[in-house]
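Written below as structure tokens is the structure these notes are about.
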Amino acid sequence: MPGMQRPLYQMKAEFFKTLGHPVRIRILELLCERERAVSEMLAEIGIEAANLSQQLSILRRAGLVTGRREGLSVTYELTTPDVADLLAAARSILTGVVAGQVEALEQPA
């Protein structure tokens, strides 16, 4: 039916697809610390400027980051601290998963 909202689970899946790229995660991690100019991120991430610009554009369209022009440079920041909370939750989950895998490997066969 026209005008029907997409189910929330579908929107969540698209959201997580947006996060499903290592460069985008690294950008978000850097922005969790503080806002950064594109030139700073280039130095930290070590990818081509065009690739960084493309990844920032995807994050901007998803509403995760916002940029503002300052002279010749653009500075980016997270749109909400919830993004940092999400990345912290992912780290916590992964830490538990990895610890469980290590524990399983240490069990006698």
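The values are calculated or read from the model by the stated rules, or taken from the named source; none is laboratory data. Since we're looking at a predicted model, the values are computed, not measured. As a convention, Cβ positions derive from the backbone with ideal geometry for all residues, glycine included, and neighbour counts pool all protein chains shown. Quick note on the areas: whole protein, heavy atoms, side chains included, nothing else; ligands and nucleic acids left out. Shrake-Rupley method; radii C 1.70, N 1.55, O 1.52, S 1.80 Å.
Scanning segment 14-35 for residues that are part of a loop (DSSP other than H, G, I, E, B) and either closer than 15 Å to Asp82 by Cα or among the acidic types (Asp, Glu) (or both) yields a count of 2. Does Leu52 fit the bill of being over 16 Å from Phe16 (Cα atoms), modelled with pLDDT of 95 or more and part of a helix (DSSP H, G or I)? So Leu52 passes the test.
Among the residues of segment 5-39, the ones that are of a type in the set (A, V, I, L, M, F, W, C) and either within 13 Å of Gln55 (Cβ to Cβ) or open to solvent by 100 Å² or more (accessible area, probe 1.4 Å) (or both) come to 10 in all.
Can you find a residue that is touching a strand residue (DSSP E or B) at 6+ places or on another chain (Cβ under 7 Å) and either closer than 21 Å to Leu19 by Cβ or of a type in the set (D, E, K, R) (or both) anywhere in segment 92-101? No - not one qualifying residue is present in segment 92-101.
Among the residues of segment 30-85, those identified as farther than 29 Å from Lys12 by Cβ, of a type in the set (Gly, Ala, Ser) and touching a residue at least 12 places away in the same chain (Cβ under 8 Å) are Ala37, Ser39, Ser73. With the structure loaded, tell me whether Ser92 is closer than 27 Å to Met11 by Cβ, open to solvent by 70 Å² or more (accessible area, probe 1.4 Å) and small (Gly, Ala, Ser) or whether it fails that test. For Ser92, the condition - closer than 27 Å to Met11 by Cβ, open to solvent by 70 Å² or more (accessible area, probe 1.4 Å) and small (Gly, Ala, Ser) - is met.
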